[in-house]
Amino acid sequence: MTPEAQKPPLSVVLCSPRGFCAGVVRAIDTVERALKLYGAPVYVRHEIVHNRYVVESLKAKGAIFVAELHEIPQTDAPVVFSAHGVPKAIPNEADKRNFFTLDATCPLVTKVHREAAIHFKRGREIILIGHAGHPEVVGTLGQLPKGAVVLIETMEAARTFQPKDANKLAFVTQTTLSIDDTAEIVAVLKERFPDIDGPHKEDICYATTNRQLAVKKVAPHVGRWSWSAHPIRRILSACAQLPNAKAAACPCWCSVRPRSTGRNSRASRRSASRRVPRHRKSSSRKSWMRSHSIIS
Ligand code: SF4
């Protein structure tokens, strides 16, 4: 008997939906189309997606990723802004340098920028619920003058926050937060400041919401599970709190193992949207996953 045959049967369940959201797909398409239309190089401010495979493949086609605009030499080549959005200072700087820019900011992030701008115009102090240092948060804070937006990251901060005027207060949120954590923070703010203005629920986007719901649905049926996400991705932050969760290191969904090892068990059938054939060798398994859009 080969060592492979001695291993217990393994069923791998993949949640659905998973993988890239429409905003990220749009940003990747922007870079690819720019490469086709204008040729290499195409400069991209920040990683267009936290996925090594995609970034490497775009690099191979001629994309150059930079952290800041000052790293780009004077050029006619396109400069793409990532889906996270950018502070207003960035397009202003790009204009000064006569860069040809392509803005791949996700429309759902732009929606948050607009909400914040409207609150500001109406004289409200704005609370942004989000994570300090996240590129999207940096971009949203940078839409308005310094001090117009206060960042709140935790329940504790929501409990102790002192507004300038409790009657002129509004909130917006990062699009990629834990639904449950955010709901708790919003509840604290609404209890303390009943007149606070804000979106009906929060600004967490559909992609973040439905991926977290998919994880919650599968969680009771699996004994052990793990997922792949870049440390900066917050979409799956709620998942990290579930028992037996184990983070890996790339942004695509990875493996979920059902509690029942029976391949045809009820839980397994219910949860499985796609199975990765375990008998396949690593290379053919990879191409199988690629052909099923599980990895890029
Ligand atoms: S806001 Fe949502 S859909 Fe848009 S890029 Fe971010 S995660 Fe994707």
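The values are calculated or read from the model by the stated rules, or taken from the named source; none is laboratory data. Not measured: the values here are computed from a predicted model. Positions of Cβ are backbone-derived with ideal geometry, glycine not excepted, and every protein chain shown enters the neighbour counts.
Could you check how many residues of the stretch 28-48 are in contact with a helix residue (DSSP H, G or I) (Cβ under 8 Å, 6 or more places away or on another chain), buried (at least 19 other Cβ atoms within 10 Å of the Cβ) and modelled with pLDDT of 95 or more?
5
Could you please let me know if P163 is away from the ligand (no atom under 14 Å from the Cβ) and either surrounded by fewer than 19 Cβ atoms within 10 Å (Cβ to Cβ) or without any contact (Cβ under 8 Å) to a residue 24 or more places away in the chain (or both)?
For P163, the condition - away from the ligand (no atom under 14 Å from the Cβ) and either surrounded by fewer than 19 Cβ atoms within 10 Å (Cβ to Cβ) or without any contact (Cβ under 8 Å) to a residue 24 or more places away in the chain (or both) - is met.
Within the stretch 7-41, restricting attention to residues that are in contact with a strand residue (DSSP E or B) (Cβ under 9 Å, 6 or more places away or on another chain) and either within 26 Å of A219 (Cβ to Cβ) or in the same structural domain as H134 (by TED's automatic domain parsing) (or both), which residue is nearest to the ligand (Cβ to nearest atom)?
For the stretch 7-41, the residue satisfying everything is R18.
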